[in-house]
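Undergrad: Before we start, here is the structure in question, set down as structure tokens.
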Amino acid sequence: MFESLTDRLSGALRKISGKGTLTDNNIQDALREVRRALLEADVALPVVKGFIENVRQRAVGQEVKQSLSPTQTFIKIVQAELEAMMGVANEELNLRAQPPAIVLMAGLQGAGKTTTVAKLSYWLKNKPKKSVMVVSADVYRPAAIKQLETLAAEVGVEFFPSDLSQSPEAIVTAALKEAKKKFVDVLIVDTAGRLAVDEEMMSEIRRLHEVLNPVETLFVVDAMTGQDAANTAKAFNDALPLTGVILTKADGDARGGAALSVRQITGKPIKFIGMGEKIDALEPFYPDRVASRILGMGDLLSLIEEVERKVDKEKAERIASKIKKGKGFDLEDFKEQIKQMQSMGGMKSIMDKMPGMGGLPAGASKMVDDSLFSKMEAIINSMTMKERVNPDILNGSRKRRITVGSGTQLQDLNRLLKQHKQMQKVMKKMKGGGMANMMRGLGGMGGMGGPGGFPGAGGPPRL
């Protein structure tokens, strides 16, 4: 997300950071570049105008001129205004209500609303540890109810059955009664989507709102629709008392216009952001962290939280203990590291959150191909356990068998073996650090770019 915006903004800020002092002229030049970057990112024009004016007033005023480091102060102002544009701080779900706390989901068809209901259920079940019931009031799309039932089973939350012969009001009334009877903490109601905003849809969801009186009414919108997402959210907000927005498919949005426009246009906070197809790919939206990522400064807090949440600590500690005892780092361990990285969204996702990525050449992150991890895993899976533990025994005939079995070339296998040797050296250097060093090693896998290196930040992926 934000790749093109990050490239453009980083370039504009690099130009100004090379200046010893700031003048009105070079501030105006920088703001012109920033304005162009925001408009190309599909940020709504009124939002861009307000942002540029706020930065300009602070930059040409006493705040920068009296600073010991004017260029750094200018960059901090841009970051602060980006945060303010998106809402300054994360706004949590309001679940302080007599159980069940009701969450009503609204949005257009195709925005990923039903999938988001499942993702939000998963997050509520695992993060604040709430019991959740979900119900579909979508009586127009035949597969909607079955889809939600399947997802609820996958996530492990309560599903309240409904069918197309019922009215939406009757469905939600019965679901609320059942949720109260079962002492459920949160009831999430999925509603019907339409291809466009229409009065029939609005009147139906207003009636559901009156019946349920939800503590949260969340608008689910596809980030890839750019500033149209913000305009659609405003249309819903004018007709319905929204309490927040969930941006979906943000991992496919290289521009970021929706994330930067929604708050200013609707006045409602973005509460969550969908960053992938997996059921756990829903994150609370932190404007300060997103602003940091947009400016190429990384998002270390989110990276640490992701490591804590997704890395299998037992396996990591087992490998760390093995290395500490001097037993080495074999190809089976290497495969485990690859799988851990894939569970965290791959190298591209990790790079996006790593501090210092803004210093890479423009477009460097696009050079990372996470599909190469699957190829590596296939090569290792084609080996016997004896070969994984001791790759030195690999002779010509063994290598031919492995490449045929994995559908790869001999140079792919040789490159993998070379990368494994590099990782062995890294692991030897951090014998005594246990879990912390294992995590460092996990991140370090991306730092071996360049010829023959691991596909990551240092250069074009090779394999």
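Undergrad: Which of the residues belonging to the range 289-309 are in contact with a Lys or Arg (Cβ under 8 Å, 6 or more places away or on another chain) and modelled with pLDDT under 65? Can you show your working first?
TA: Step one: of the range 289-309, the residues in contact with a Lys or Arg (Cβ under 8 Å, 6 or more places away or on another chain) are 293, 298-303, 306.
Once the filter is applied, which keeps residues that are in contact with a Lys or Arg (Cβ under 8 Å, 6 or more places away or on another chain) and modelled with pLDDT under 65, the range 289-309 yields Gly298, Asp299, Leu300, Leu301, Ser302, Leu303, Glu306.
Undergrad: Same structure again: Please work out which residue is modelled with the lowest pLDDT, limiting yourself to the range 190-201 and to residues that are surrounded by 18 or more Cβ atoms within 10 Å (Cβ to Cβ) and among the aliphatic types (A, V, I, L, M).
TA: At the first step, the residues of the range 190-201 found to be surrounded by 18 or more Cβ atoms within 10 Å (Cβ to Cβ) are 190-193, 201.
With the extra rule that they be among the aliphatic types (A, V, I, L, M), the set shrinks to 192, 201.
On the way: Ala192: 91, Met201: 82.
The qualifying residue modelled with the lowest pLDDT is Met201.
Undergrad: Suppose we filter the range 119-132 for residues that are surrounded by 24 or more Cβ atoms within 10 Å (Cβ to Cβ) and either not assigned by TED's automatic domain parsing to the domain that holds Gly226 or not hydroxyl-bearing (Ser, Thr, Tyr) (or both); how many remain? Break it down into steps so the answer makes sense when it comes.
TA: Our first condition is that a residue be surrounded by 24 or more Cβ atoms within 10 Å (Cβ to Cβ); within the range 119-132, this holds for 119-121, 132.
This time we only want the ones that are either not assigned by TED's automatic domain parsing to the domain that holds Gly226 or not hydroxyl-bearing (Ser, Thr, Tyr) (or both), so: 119-120, 132.
The qualifying residues number 3.
Undergrad: Inside the range 326-416, counting only helices (runs of 4 or more DSSP H) that do not spill past its ends, which hold 3 or more residues that are modelled with pLDDT of 90 or more and over 30 Å from Phe2 (Cα atoms)? Quick ask: steps written out before the conclusion?
TA: Working: elements: 331-343, 346-353, 371-381, 385-389, 396-406.
Where helices (runs of 4 or more DSSP H) fall fully within the range 326-416 and carry at least 3 residues being modelled with pLDDT of 90 or more and over 30 Å from Phe2 (Cα atoms), they are 371-381, 385-389, 396-406.
Undergrad: I've got another one for you. For the range 205-262, how many residues are assigned to a loop (DSSP other than H, G, I, E, B), on the phi < 0 side of the Ramachandran plot and not acidic (Asp, Glu)?
TA: Just the residues of the range 205-262 that are assigned to a loop (DSSP other than H, G, I, E, B), to begin with: 213-215, 226, 240-243, 249, 253-256.
Of the ones still in play, those that are also on the phi < 0 side of the Ramachandran plot are 214-215, 240-243, 253-255.
From the residues that got through so far, the ones that are not acidic (Asp, Glu) too are 214-215, 240-243, 254-255.
Total satisfying the criteria: 8.
Undergrad: Six or more apart or on different chains, Cβ under 6 Å: which pairs go from a residue in the range 34-55 that's at positive phi to one that's assigned to a loop (DSSP other than H, G, I, E, B)? Could you list them?
TA: Final answer for the pair search is Asp42/Gly226; Asp42/Arg255.
Listed here are the residues, each with its yes/no results for (1) buried (at least 23 other Cβ atoms within 10 Å of the Cβ); (2) touching a Pro at 6+ places or on another chain (Cβ under 9 Å); (3) modelled with pLDDT of 85 or more.
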site: Ser203; (1), (2), (3): no, no, yes
site: Phe219; (1), (2), (3): yes, no, yes
site: Thr243; (1), (2), (3): no, yes, yes
site: Ala254; (1), (2), (3): no, no, no
site: Ile270; (1), (2), (3): yes, yes, yes
site: Ile273; (1), (2), (3): yes, yes, yes
site: Pro287; (1), (2), (3): no, yes, yes
site: Asp312; (1), (2), (3): no, no, no
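Undergrad: For the range 130-173, what are the residues that are small (Gly, Ala, Ser) and touching a residue at least 40 places away in the same chain (Cβ under 8 Å)?
TA: Going residue by residue through the range 130-173, those that are small (Gly, Ala, Ser) are 131, 136-137, 143-144, 152-153, 156, 162, 165, 167, 170.
Within the range 130-173, Ser131, Ser136, Ala137, Ala144 qualify.
Undergrad: Conditions: (1) modelled with pLDDT of 80 or more; (2) assigned to a helix (DSSP H, G or I). Asp42 meets all but one. Number of the miss?
TA: (2)
Undergrad: Can I ask one more? Select from the range 254-270 the residues that are among the charged types (D, E, K, R), touching a strand residue (DSSP E or B) at 6+ places or on another chain (Cβ under 9 Å) and more than 15 Å from Ala291 (Cβ to Cβ) and list them in ascending order. Spell out how you get there, then give the answer.
TA: Initially, the range 254-270 is screened for residues among the charged types (D, E, K, R), giving 255, 263, 268.
Then keep just the ones that are touching a strand residue (DSSP E or B) at 6+ places or on another chain (Cβ under 9 Å); that gives 263, 268.
Answer for the range 254-270, where residues must be among the charged types (D, E, K, R), touching a strand residue (DSSP E or B) at 6+ places or on another chain (Cβ under 9 Å) and more than 15 Å from Ala291 (Cβ to Cβ): just Lys268.
The values are calculated or read from the model by the stated rules, or taken from the named source; none is laboratory data. As the structure is a computational prediction, the values presented were derived from the model and not from experiment. As a convention, Cβ positions derive from the backbone with ideal geometry for all residues, glycine included, and neighbour counts pool all protein chains shown.
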